[in-house]
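**Q** Here it is: the structure, laid out below.
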Amino acid sequence: MSDSPRPKIRHMPGLDGARGLWVILGPLLYHARPENVPGGPSIVPGGILSLDLFFVLSSFLIVTIALKEWDL
């Protein structure tokens with residue numbers, strides 16, 4: 001194996017902001033489905049996608065922090 005240093009992962013405040021936005025919008029868009037509003041249309045079709053985006057983004061940020069802590 002090579003002893004070359006691994007590239008450092010920088011902090012990305014934009015992703016923190018996006019995660020903050022999706023923590024609010026994710027559940028809101030998910031629960032804005034037609035079956036929850038009698039006779040109403042879906043506000044955003046595919047609201048489950050917003051929850052997926054939130055979890056993927058959160059996982060990326062958590063792993064990034066863990067890699068920094070473990071110095072990997």
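**Q** Contact list please: Cβ distance under 7 Å, first residue in the range 61-72 and closer than 22 Å to ALA18 by Cβ and surrounded by 11 or more Cβ atoms within 10 Å (Cβ to Cβ), second residue hydrophobic (A, V, I, L, M, F, W, C) and modelled with pLDDT under 85, pairs at least six apart or on different chains.
**A** Here the result reads LEU61/LEU15; THR64/ILE9; LEU67/ILE9; LYS68/ILE9, each pair linking the range 61-72 to a residue that is hydrophobic (A, V, I, L, M, F, W, C) and modelled with pLDDT under 85.
**Q** Please state which one of SER50, SER2, SER42, SER58 is modelled with pLDDT under 65, surrounded by 13 or more Cβ atoms within 10 Å (Cβ to Cβ) and of a type in the set (Ser, Thr, Tyr).
**A** Working: SER50 fails: modelled with pLDDT under 65; SER2 fails: surrounded by 13 or more Cβ atoms within 10 Å (Cβ to Cβ); SER58 fails: modelled with pLDDT under 65.
After applying the criteria, what remains is SER42.
The values are calculated or read from the model by the stated rules, or taken from the named source; none is laboratory data. Please read these numbers as outputs of a predicted model, since none were measured by experiment. Heads up, the Cβs are rebuilt from the backbone with ideal geometry, glycines too, and the neighbour counts pull from every protein chain shown.
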